[in-house]
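Report on the structure given below.
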Amino acid sequence: MQSFEDVELFDCPLCHGSGLIEEENGWCLYVQCLDCGCHTAELSYNNEEERQAAARQAASLWNVGKVIHTGVGD
């Protein structure tokens with residue numbers, strides 16, 4: 001499996017922390033903030049080509065601020 005080194009992630013849209021592409025048991029991935037825990041939707045894939053496309057799509061969602069945060073609001 002290829003890594004996601006070529007996928008650019010902006011800082012977290014909520015707290016400006018660092019984001020990381022996370023994978024769940026080889027079927028989906030998402031971007032999650034290492035500081036506040038907000039994340040994008042989970043994007044499923046079936047093969048390596050779809051996996052890379054899902055990573056780019058998750059990064060795109062993250063970079064435009066489409067995240068889920070289950071914490072207390074302001």
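The values are calculated or read from the model by the stated rules, or taken from the named source; none is laboratory data. This is a predicted model, so every value here is computed, not measured. Cβ coordinates were reconstructed from backbone atoms using ideal geometry, including for glycine residues, and neighbour counts include every protein chain displayed. Just so you know, the surface numbers come from the protein's heavy atoms only, side chains and all, with ligands and any DNA or RNA stripped out. Shrake-Rupley method; radii C 1.70, N 1.55, O 1.52, S 1.80 Å.
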Residue in the range 2-21 that is part of a strand (DSSP E or B) and in contact with a helix residue (DSSP H, G or I) (Cβ under 8 Å, 6 or more places away or on another chain) present: yes
Selection count where residues are open to solvent by less than 100 Å² (accessible area, probe 1.4 Å), closer than 15 Å to N63 by Cβ and without any contact (Cβ under 8 Å) to a residue 40 or more places away in the chain, scope the range 16-28: 4
Where K66 falls short, out of the listed (1) under 15 Å from L14 (Cβ atoms); (2) part of a loop (DSSP other than H, G, I, E, B); (3) touching a Phe, Trp or Tyr at 6+ places or on another chain (Cβ under 8 Å): (3)
Of all residues making up the range 31-46, the number that are touching a helix residue (DSSP H, G or I) at 6+ places or on another chain (Cβ under 8 Å) and of a type outside the set (A, V, I, L, M, F, W, C): 3
Among residues of the range 29-69, those that are free of Cβ contacts under 8 Å to residues at least 12 places away in the same chain and open to solvent by less than 50 Å² (accessible area, probe 1.4 Å), counted: 1
